[in-house]
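Here the structure comes first, spelled out in structure tokens, and everything after it is commentary.
The values are calculated or read from the model by the stated rules, or taken from the named source; none is laboratory data. No experiment lies behind these values; they were computed from the predicted model shown. Glycine gets a Cβ as well: all are built from the backbone with ideal geometry, and neighbour counts include every protein chain shown. The accessibility values were calculated without ligands, DNA or RNA, using every heavy atom of the protein model including side chains. Shrake-Rupley method; radii C 1.70, N 1.55, O 1.52, S 1.80 Å.
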Amino acid sequence: MIENPVNVARVADLTPGTALLIGPEVSGHPTAIALFHTGDGFRAIEDTCTHLGASLAKSRVVDGEVDCWLHHGKFCLATGEATEYPARG
């Protein structure tokens, strides 16, 4: 359960298959967050790729993974964990 929920966007702000960059000033999180509207609903992970710092909000979701647009490192959208090199951590 979320202790202190924060409204960061309206459902209408994201159509299915799109992402939205949520800045720290909106979320209260210390870093930017990428919010994705998938076929299963909404998922959010930290916005920065662990390889070279690219914005993950510019990336697409394929089979539950965020495929970084810069070098195609992948992250599990459910956990945020890196799943394919060059992403790490």
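Only protein heavy atoms count here; on that basis, with a 1.4 Å probe, residue 47 has an accessible area of about 10 Å². Got the relative contact order for the chain handy, in percent, Cα pairs under 8 Å and 6 or more residues apart? Taking the mean separation of contacting Cα pairs over the length of the chain, I get 17 percent. Distant-in-sequence amide contacts of residue 87, defined by a placed amide H-H separation under 5 Å and a gap of 5 or more residues or a different chain, comprise 73, 74. Residues in region 21-37, backbone N under 15 Å from the label point at residue 7 (7 Å along the Cα-to-beta-carbon vector): list them, ranges by number please. Residues 26-27 fall inside that zone. When the alpha carbon gyration tensor of the chain is reduced to an equivalent ellipsoid, its three semi-axes come out at 21, 15, 12 angstrom, largest first. Given a 1.4 angstrom probe, I'd like the percentage of the accessible area of the chain that is carbon and sulfur, rounded to a whole number. Carbon with sulfur: 54 percent of the solvent-accessible area.
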